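The values are calculated or read from the model by the stated rules, or taken from the named source; none is laboratory data. Values in this document were obtained by computation on a predicted structure and should not be read as measured data. Cβ atoms come from the backbone with ideal geometry, glycine included; neighbour counts cover every protein chain shown.
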Amino acid sequence: MVTTIGTLSTNEHLGDNHSKIHPNQTEYKHKMKKTSNTINGNDTVRYRKEITYQLYETDTEQVVDVIDNDEQLKHSTSSDQENRNVIDSNVKNVKRKYEYVWLNIIVMASLHVAALYGLTLIPYAHRATIVWAYLLLLLGSIGVQAGAHRLWAHRTYKANFGARLFLSLCHVVALQNDVYEWSRDHRAHHKFADTDGDPHDSTKGFFFSHVGWLLVRKHSEVKRRGKTLDMSDLERDGIVMFQRRWYIPMVALFWGLIPMAIPVLCWNELPFNSIFICIFSRYVIALNLTWCVNSWAHMFGNRPYDKRLFAVEASIRHLLMGEGFHNYHHTFPWDYSASELGSMDVFNPATAVIDFFHWMGWAWDLKKVSPAMIEKRKKSTGDSVWYHKRNTSFYEWTTGTFTILSPLAFGLYLNYVLSG
C-alpha cells in the first residue's frame, strides 16, 4: 500500500528546519526578497544562513502556513518525528580551527591512489571482472539508497525480514559505516542541515562537504546534537543491531573476501587485478558518488520546491541514481521516492527497487506526498524560475541508463581494444 500524504498537522513532517515560517512574516518576506535566485554568491549564502538561524528559533508549536492542518499523525513514526526538524535551540556556524585526523587522511589518500591504479589494470583484466565490479557498485548503492537512507534513516516505507536482510548486506558491500551510524549522521544532517550540527555542512565548502568532514574531528555541535536524536526505532531492529555488532567481520567477508574471490575462483582472474579493480576502484567510485549528494547536490542545481534550502535538484542526478532530487528530498524527506515523480516517470533506480519490493509483497506503507501538496509548496516557497520541465519516461530512462552504463561500456571497450 502506498500512503499518500496530502495535508499534515504541525506535529507531522515539516520538511527541513528551513521550512519553518518565521513568525514575523513581513520581516521574513523582506529578507527573502534580498535573497537572489543565484545559486552561488556570498550575499545569497549570508542571507540564507541568517534566515536559517531565525527559523531555528521559531516557536515549535507555530502553525506552518505552507501546509494545511489535518490529522495525519497516524502516518508518523519515531524517526519521522526526528525528521520533522523540531529544533529546541539555536545552532550557529562559528569558524574554528580544524583538528586533522592524519590516519584518516592517509587511509583516504591511499584508497584513491589504489583506485586509480586499479583503473589502469582494466585493459588487462577479464571482462567478467569489470562487469562484476560494476555489479558490486550497484549493489552497494542499493544498500545505501533504498536501505540505510530511505528505509532506516527516514522510515519512508516498511519492509519484511528478507528485504531488510538483503539491504543490510548490500550496505555492508558499500562500506559506509554500519546502518545505525549512517542513519544517525543522516538524521543529524536533516535536522541541523548546513549548520555546525550538520556532519557535512555544505556552507564550509565543496571539499569539506564532499570528503573533508571525514578527515577532521567532528565539530562539538555534531557530537552534542547527535546525542539528542531518537534512535530507539533502530535499536529495536534486530537486523540493524546485528549488523552493528558484527560489522567488521561482515565487511571483511562481503566487502573484501567475496568480491575478490569470485573472479579468481570462477574465471581465473589474477588476484592482483581482482583486489584493485573489484575492491579499491569500485569502492572509491561508489564513495565519491555518495559524497556528491552531500556536496554537489547542495550547490549546483535549482530549487523549485524551497528556495530557502541549500539543497538543490542536482545537475548530475542521473549519476546519483535517484538521490539527485535533493531540493525535493529536503523539502519532503518522508517521501519514499525522494522525488516528486515515481520510478516510471523519472530515472530513479532506488525507487524502482522499492517498487519491486512492494510488488513482491516485501515492502508496504510506502509514503508519498500528494500532487496538490507539492504544487502548494512550490507556489509558496519554490523558485518559480526553476520549475521543472518534465521529460517523457522514455527520455528519462534512456538518458539515465546511458549515463550509468557509459563507464561500464567504456571500460569494456578499453579492455577489448588494448587486450587485443
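The conditions are (1) within 28 Å of residue 405 (Cβ to Cβ); (2) in contact with a Leu (Cβ under 7 Å, 6 or more places away or on another chain); (3) of a type outside the set (A, V, I, L, M); (4) surrounded by 23 or more Cβ atoms within 10 Å (Cβ to Cβ), and residue 134 fails exactly one of them. Which is it?
So residue 134 meets the others, but not (4).
Hey, can you tell me all the residues within segment 307-331 that are small (Gly, Ala, Ser) and either at pLDDT 95 or above or in a loop (DSSP other than H, G, I, E, B) (or both)?
Start the filter on segment 307-331 by keeping residues that are small (Gly, Ala, Ser), which leaves 311, 314-315, 322, 324.
Selection gives 311, 315, 322, 324.
Residue-wise test of (1) in a helix (DSSP H, G or I); (2) free of Cβ contacts under 8 Å to residues at least 40 places away in the same chain; (3) closer than 26 Å to residue 298 by Cα.
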residue	(1), (2), (3)
333	no, no, yes
339	no, yes, yes
342	no, yes, yes
346	no, no, yes
380	yes, no, yes
412	yes, no, no
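In segment 270-326, which residues are in contact (Cβ under 8 Å) with a residue 60 or more places away in the chain and among the charged types (D, E, K, R)?
282, 303, 306, 307, 308, 313, 323
Run residue 390 past the list (1) in a helix (DSSP H, G or I); (2) of a type outside the set (Phe, Trp, Tyr); (3) more than 29 Å from residue 160 (Cβ to Cβ) and report the number of the one that doesn't hold.
In the conditions (1) in a helix (DSSP H, G or I); (2) of a type outside the set (Phe, Trp, Tyr); (3) more than 29 Å from residue 160 (Cβ to Cβ), residue 390 misses (1) alone.
Considering only residues of segment 220-244 that are surrounded by 12 or more Cβ atoms within 10 Å (Cβ to Cβ) and among the basic types (Lys, Arg), which is nearest to residue 174 (Cα to Cα)?
244
Name the residue that is surrounded by the most Cβ atoms within 10 Å (Cβ to Cβ), counting only residues in segment 163-197 that are among the charged types (D, E, K, R) and in contact with a His (Cβ under 9 Å, 6 or more places away or on another chain).
The residue in question is 194.
Looking at segment 195-206, which of its residues are in contact (Cβ under 8 Å) with a residue 24 or more places away in the chain, farther than 18 Å from residue 176 by Cβ and of a type outside the set (D, E, K, R)?
Once the filter is applied, which keeps residues that are in contact (Cβ under 8 Å) with a residue 24 or more places away in the chain, farther than 18 Å from residue 176 by Cβ and of a type outside the set (D, E, K, R), segment 195-206 yields 195, 197, 202, 203, 206.
Of all residues in segment 214-251, which are in a helix (DSSP H, G or I), modelled with pLDDT under 95 and either among the aromatic types (Phe, Trp, Tyr) or under 26 Å from residue 327 (Cβ atoms) (or both)?
Residues satisfying the conditions are 221, 222, 225, 226.
How about segment 254-292: which of its residues are outside any helix (DSSP H, G or I) and surrounded by 22 or more Cβ atoms within 10 Å (Cβ to Cβ)?
As a first pass, look at segment 254-292 and keep what is outside any helix (DSSP H, G or I): 268-270.
269 - this is the single residue of segment 254-292 that is outside any helix (DSSP H, G or I) and surrounded by 22 or more Cβ atoms within 10 Å (Cβ to Cβ).
Search segment 201-219 for residues being hydroxyl-bearing (Ser, Thr, Tyr) and in contact with an Asp or Glu (Cβ under 6 Å, 6 or more places away or on another chain), and hand back the single one that is surrounded by the fewest Cβ atoms within 10 Å (Cβ to Cβ). First the steps, then the outcome.
Our first condition is that a residue be hydroxyl-bearing (Ser, Thr, Tyr); within segment 201-219, this holds for 202-203, 209.
From what's left, in contact with an Asp or Glu (Cβ under 6 Å, 6 or more places away or on another chain): 202-203.
Details: 202: 23, 203: 19.
Step by step, filter segment 201-219, then rank; the result is 203.
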